[in-house]
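No value in this document is a laboratory result; all are computed from the given coordinates. Quantities reported herein were computed from a predicted structural model and do not represent experimental measurements. Heads up, the Cβs are rebuilt from the backbone with ideal geometry, glycines too, and the neighbour counts pull from every protein chain shown.
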Amino acid sequence: MLAAAERIVIEDGLRALSARRLSEAAGTALSQIAYHFDGLPGLVQVLIDSNATLVNDARDGEHASALSTGPDDLSVLLAAYLRPVGVASAWWPDGHASLVLQELHRHASPAARAAVSASLERHRRPLLDLIAPLVPHLDAQTFHVRIVMLMASAITLIPGSHAWGLLGPAARTAHDDLFANLLAFGTAALRAPAGPV
């Protein structure tokens, strides 16, 4: 059921996830959703928890690696912050955890949105706290805006994201080059003076 739910969320959005559609996609009785998850809200919480854990575990690993190789290197720290965006989803092998979380954050209940934010923030904050001193010329708001824009760009590079299809076949075959270019752009954007970049 969880793989089917993730697939629906990634391909058609959270609003397309209904008990009937999920039971049909999973090949199970409607009652199984209530039995296993206490309804759709419980299933959504499992999707949040499992996918946030994957992203957070990846970010923790990147964080540890960055500390051992380049704790004062802006490019290394930025890569550690952005790379976990592409981690595979928890249940559907063709999905990506960040796409699930992004969709749930945009369209789930306020409580579920808060759960996504809180879960990711605990693991995101330590890396941001290492990056911020390397760009002392940026005020907190400018720093935040640039980081959010870089994160949105990183999500664009995930196969299956809404913007992925806009990149075209040639760009999609060069995914690693796209990430390297995003990293170079992001490093330059963070080093640029405050104001429009």
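Here are the numbers for the structure shown:
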item: Student exercise, the chain dipole from Lys, Arg, Asp, Glu Cβ charges, in Debye to nearest 20; result: 400
item: Highest average packing first - 55-67, 129-141, Cβ atoms within 10 Å; result: 55-67, 129-141
item: Three-way shape call for the chain based on the alpha-carbon gyration tensor, with the a/c threshold at 1.5; result: prolate
item: Stretchable slack from Asp139 to Asp177, in nm (0.36 nm times residue separation minus alpha-carbon distance); result: 10.6 nm
item: Shape of the stretch 21-95, Cα gyration tensor, a/c cut at 1.5; result: prolate
item: Among 18-30, 143-155, the order from most to least packed when residues are scored by Cβ within 10 Å on average; result: 143-155, 18-30
item: Estimated FRET transfer efficiency (Met149, Ser18; beta-carbon r; R0 41 Å; 0.05); result: 0.75
item: Amide H contacts of Ala88 (H built 1.01 Å from N, under 5 Å, at least 5 apart or other chain); result: Ala97
item: Helix-derived mean residue ellipticity, 222 nm - over the chain, DSSP H n ≥ 4, -39500 (n - 2.57), to 500; result: -22500 deg cm²/dmol
item: Residue-wise HN-Hα coupling along the stretch 97-110, computed from phi with Karplus coefficients 6.51, -1.76, 1.60 (Hz; x: Gly, Pro); result: 4, 5, 5, 4, 5, 4, 5, 5, 5, 6, 10, 7, 5, x
item: Relative contact order (%) - the stretch 2-191, alpha-carbon pairs under 8 angstrom, separation at least six; result: 22
